[in-house]
Amino acid sequence: MGMTMTQKILARHTGKERVEAGELIEAKLDLVLGNDITAPVAITEFDKAGLTQVFDPDKIAIVLDHSTPCKDIKSAQLCAQAREFAKRFGITHFYDVGTMGVEHALLPEQGLAAPGEVIIGADSHTCTYGALGALSTGVGSTDMAAGMATGLAWFKVPSAIRVILKGSLQPYVSGKDVVLHLIGQIGVDGARYQSLEFTGEGVSALSMDDRFTIANMAIEAGAKNGIFPVDDQTCAYLQGRVNRSWEGVEPDPDAVYEQEVIIDLNTLRPTVALPHLPSNTRTVDQVAGTPIQQVVIGSCTNGRLKDLKEAAGILQGRTVAKGVRCIVIPATQQIYLDAMKAGYIETFIQAGCAVSTPTCGPCLGGHMGVLSDGERAISTTNRNFVGRMGPVSSEIILASPAVAAASAVAGVVADPCKLS
């Protein structure tokens, strides 16, 4: 009986020939991640336990991205605690205001994730790096503290679901539509503590940005991780970013999967998730005309350059509808610069958008666009739970950058394929 991609990576990091689903193991870590909300909790536990050293200052990353630049006294105190810890232990990969970005866009950009690696992060969307063929998953802050000290973490080896992608994406359809379609099909707990392993000839039709988006939202189906095979696109992305040796994995031909899901990319339509679950999906034409008050384009899911390009292409020569606020947040400083050079930032401003420094911002109701009572936003973020972006009476519709931009122009939920 063969192993899946995830199982092969875990076996390699335990020194075993093989591991099996359900087995409890202790694996070596290649990177431990925290942010300005989760790292301070881990640091407090680290100090409370009397720990006096980290396992490797080059293999820890702390990114101040959720409420930075700081929005209030509490967020400033949390960031100060993270800064002190990074200075105390000489943490190599510490990203503060001016150098930071949304962590799950920043780390791949900086070459901190590579195929075959094991990465844990005290943030649920750490599963993003599976787009590069890594095993990456979110953990609690206590596990982050232990990982920083020992370079080890306990895992229950997950079983897997094989997602077979066929065909290629149509205009105005992207990775966000793929993953929303998948979550709508299997549900928010359809892959609970399983690995979502993406295969098939359709993988080659997806850009790296599409893959990051899909892997990022694996957790929204309850998955332990999402992972893609390493191909020419992956290697091209890694070129010039990762200067250490790495080794990708392929699933064995006789790997065991609990389930197989087939997605025909040719037939996918722009898709949205209505409140209050990412699984509450509809094609955009089914809900076109739904009133909105705010649009958010950004986040660790959809704040990359391709996302901004898609949104700018729709907003070019158009303006944001009266009564609608459109907020655009490039995910990293480099993406911001690249978007400026490409003219996208000018397009957004001329269209009437507010453009922010990189931050998670409104995604978790932090800042830069919190909703008021009864307001509805269409957003490229990854969660639309009750009260996620404001009061419990507010609502979030999840969508792709193309749908979000078209909706900003129309003033209601709109199909980018039908925008006049």
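The values are calculated or read from the model by the stated rules, or taken from the named source; none is laboratory data. Since we're looking at a predicted model, the values are computed, not measured. We place every Cβ from the backbone using ideal geometry, glycine too, and count neighbours over all the protein chains shown. SASA here: full protein model, heavy atoms, side chains in, ligands and nucleic acids out. Shrake-Rupley method; radii C 1.70, N 1.55, O 1.52, S 1.80 Å.
Observations on the structure shown:
- Accessible area of the chain divided out per residue, in Å², using a probe of 1.4 angstrom: 37 Å²
- Each of VAL284, VAL249, LEU315 was scored by the projection of its Cα onto the charge dipole of segment 240-327, and the greatest displacement toward the positive side belongs to LEU315; charges sit on the C-beta of Lys, Arg, Asp and Glu.
- FRET efficiency, LYS341 to ARG83 (Cβ-Cβ, R0 22 Å, nearest 0.05): 0.10
- Stokes-Einstein D in µm²/s, Kirkwood radius over Cα pairs - segment 247-371 at 20 °C with 1.002 mPa s viscosity: 126 µm²/s
- As a fraction of the 1.4 Å probe accessible area of segment 1-135, surface on carbon and sulfur atoms comes out at 52 percent.
- Computed from the C-alpha gyration tensor, the three semi-axes of the ellipsoid equivalent to segment 17-113 are 26, 17, 13 Å, from longest to shortest.
- The calculated FRET efficiency for THR44 paired with ILE262, based on their beta-carbon distance and R0 = 56 Å, is about 0.75.
- Förster radius 30 Å - calculated FRET efficiency between LYS16 and VAL392 (Cβ-Cβ, nearest 0.05): 0.05
- Residues TRP154, TRP246, ordered by accessible area of protein heavy atoms at a 1.4 angstrom probe radius and largest first, appear as TRP154, TRP246.
- Pairwise centroid distance, computed over Cα atoms, of segment 20-75 with segment 367-403, Å: 28 Å
- Filter on LYS59/LYS309; LYS28/LYS309; LYS71/LYS224; LYS87/LYS224; LYS176/LYS418 - keep pairs with C-alpha separation over 28 Å: LYS59/LYS309; LYS28/LYS309; LYS71/LYS224; LYS87/LYS224
- For the chain, the ratio of Cα radius of gyration to the globular rule of thumb 2.2 N^0.38 Å stands at 0.93.
- Residue-level accessible surface for HIS125, protein heavy atoms, 1.4 Å, Å²: 10 Å²
- Within the full protein context, the accessible area of ILE349 is estimated at about 100 Å² for a probe radius of 1.4 Å.
- Paramagnetic reach from LYS309 in segment 345-361 [backbone N under 17 Å; point 7 Å along Cα→Cβ]: 345-348
- For segment 57-160, average projected area of the Cα convex hull in nm²: 7.0 nm²
- Its alpha carbons considered, segment 199-301 gives a radius of gyration followed by a Dmax of 17.0, 51 Å.
- Relative contact order (%) - the chain, alpha-carbon pairs under 8 angstrom, separation at least six: 17 percent
- Dividing the Cα radius of gyration of segment 149-255 by 2.2 N^0.38 Å, with N the residue count, gives 1.14.
- Length-normalised contact order for segment 21-75 - Cα pairs under 8 Å, 6+ apart - percent: 50 percent
- Spin-label model, ASP285 to THR52: label points 7 Å out along the Cα-to-beta-carbon direction sit 6.9 nm apart.
- Helical runs (DSSP H, four residues minimum) scored at -39500 (n - 2.57) apiece and divided by the length of the chain put the mean residue ellipticity at 222 nm at -8500 deg cm²/dmol.
- Rg ratio (alpha-carbon, reference 2.2 N^0.38 Å) - segment 352-420: 1.11
- If only the Cβ of Lys and Arg carry +1 and only the Cβ of Asp and Glu carry -1, the dipole of segment 215-298 around its Cα centre is close to 580 debye.
- Here, segment 304-420 yields an orientationally averaged convex hull projection of 6.5 nm² when only Cα atoms define the hull.
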